[in-house]
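Below: the structure, in structure tokens.
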Ligand code: C2E
Ligand code: CA
Ligand code: CA
Ligand code: CA
């Protein structure tokens, strides 16, 4: 009874009360920011071993009028816990598709696919597939240039719903990448049931390549799985030449990370693509 009393007291912990009100405040701010169009997409290039840019990942930024550029780690969690991630994710999807459509008439850009992150709550919406199809139709983006990044944990949770939705979008031409791969203990059996295009090796394994032997083993295993399933495999968080060299040794040919290119506004990505076009 006494320990119960302590727990009850914990519930009214003033610290926690502050945390709750900060969250509520942030949620309100995010809602206002969405209405005021304060979000932007930055794009991080993805490279082939041969130096070509093979795509880019869209990453959301909050351009705050007083505080400047705010990274998603400061607000995505709160957005995901509320329903806000749904309209926010929809805005991301639409903006990326508008970008694809805007590039359509320019030979330097029209082949560049964009990867878009999708949160669990957004993906589980009953009308998720319909919304994606609608955005593709309204923007005129070519579906095969849109790659949806679903985290490994999202994919594994409610596999039947995942398979149904992915299957429908797949018939439209949309591609899929499993983000943060290696963190969720996927079995080969599950993976074969999903219409996947790519596995994305989580940066937590890339970080310690050549340092922590178990991570080298995990990365080699993921690359082997991708090969057996005939999927692309891309490594994220590549920061050093040594990491890139080890990944290449293990058979990975696609890279994303600060070593090769930082996330930036679309104009920066376009400059990189122009340089590639004139090489
Ligand atoms: P993520 O999907 O795993 O994205 C990769 C993150 O790693 C990005 O952080 C990127 O800027 C960062 N990164 C890229 N290269 C390197 C590197 O070499 N080293 C290190 N240490 N980090 C690198 P960012 O942009 O801060 O995004 C953080 C997370 O926020 C993303 O992780 C993703 O889970 C989420 N996020 C970002 N944009 C969106 C979005 O539009 N929708 C949703 N649902 N989530 C998003
Ligand atoms: Ca991602
Ligand atoms: Ca990731
Ligand atoms: Ca991650």
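Read-outs throughout are calculated quantities, based only on the coordinates presented, and are distinct from any laboratory measurement. Just so it is clear, the model here is predicted, and its values are computed rather than measured. Cβ: placed from backbone, ideal geometry, glycine included. Neighbour counts: every protein chain shown.
If R0 is 45 Å, the Cβ-Cβ spacing of residue 253 and residue 66 corresponds to a FRET efficiency of close to 0.55. Stretched out straight at 0.36 nm per residue, the stretch from residue 188 to residue 38 would grow longer than its current Cα-Cα span by 49.9 nm. Counting only Cα atoms, the size of region 30-107 along its three principal axes is 41, 26, 25 Å, in decreasing order.
Modelled spin labels at residue 153 and residue 134, positioned 7 Å past Cα toward Cβ, are 2.9 nm from each other. Apply the a/c threshold of 1.5 to the C-alpha gyration tensor of region 130-279 and tell me whether it is rounded, prolate or oblate. The shape class here is oblate. Placing pseudo-labels 7 Å out from each Cα toward the beta carbon at residue 268 and residue 230 gives an inter-label distance of 3.8 nm. Take every pair of alpha-carbon atoms less than 8 Å apart whose residues are at least six positions apart; their mean separation over the length of the chain yields a relative contact order of 18 percent. Binning the C-alpha pair distances of region 1-143 at 5 Å intervals from 0 yields a P(r) profile of 2, 8, 15, 17, 16, 13, 10, 6, 4, 3, 2, 2, 1, 0, 0 %, listed from the shortest bin outward. Taking other C-beta atoms within 10 Å as the exposure proxy, 91, 62 rank 91, 62 from fewest upward. The share of alpha-carbon pairs in region 67-122 lying farther apart than 18 Å comes to 46%.
Of the residues 225, 166, 262, the one with the fewest other Cβ atoms within 10 Å heads the list, and the complete ranking is 262, 225, 166. Helix content alone sets the calculated 222 nm mean residue ellipticity of the chain: runs of n ≥ 4 DSSP H residues at -39500 (n - 2.57) each, divided across all residues, give -15000 deg cm²/dmol. In terms of overall dimensions, the C-alpha atoms belonging to the chain reach 68, 45, 38 Å along their principal axes, ordered largest to smallest.
How would 90, 213, 48 line up from fewest to most surrounding beta-carbon atoms within 10 angstrom?
Going from least to most buried by this count: 213, 48, 90.
Distance from the Cα centroid of region 165-207 to that of region 13-51 is 25 Å (rounded to whole angstrom). Once the C-beta distance of residue 161 and residue 204 is scaled by a Förster radius of 25 Å, the resulting FRET efficiency is 0.40 to the nearest 0.05.
Dividing the Cα radius of gyration of region 82-162 by its Kirkwood radius returns 1.00 for Rg/Rh.
Between rounded, prolate and oblate, where does region 29-69 land on the alpha carbon gyration tensor, with a ≥ b ≥ c its root eigenvalues, rounded for a/c under 1.5, else prolate if a/b exceeds b/c? Prolate, because a/c is 1.5 or more and a/b exceeds b/c. Cβ-Cβ distance of residue 48 and residue 21, R₀ of 41 Å, FRET efficiency by 1/(1 + (r/R0)^6): the value works out to about 0.25.
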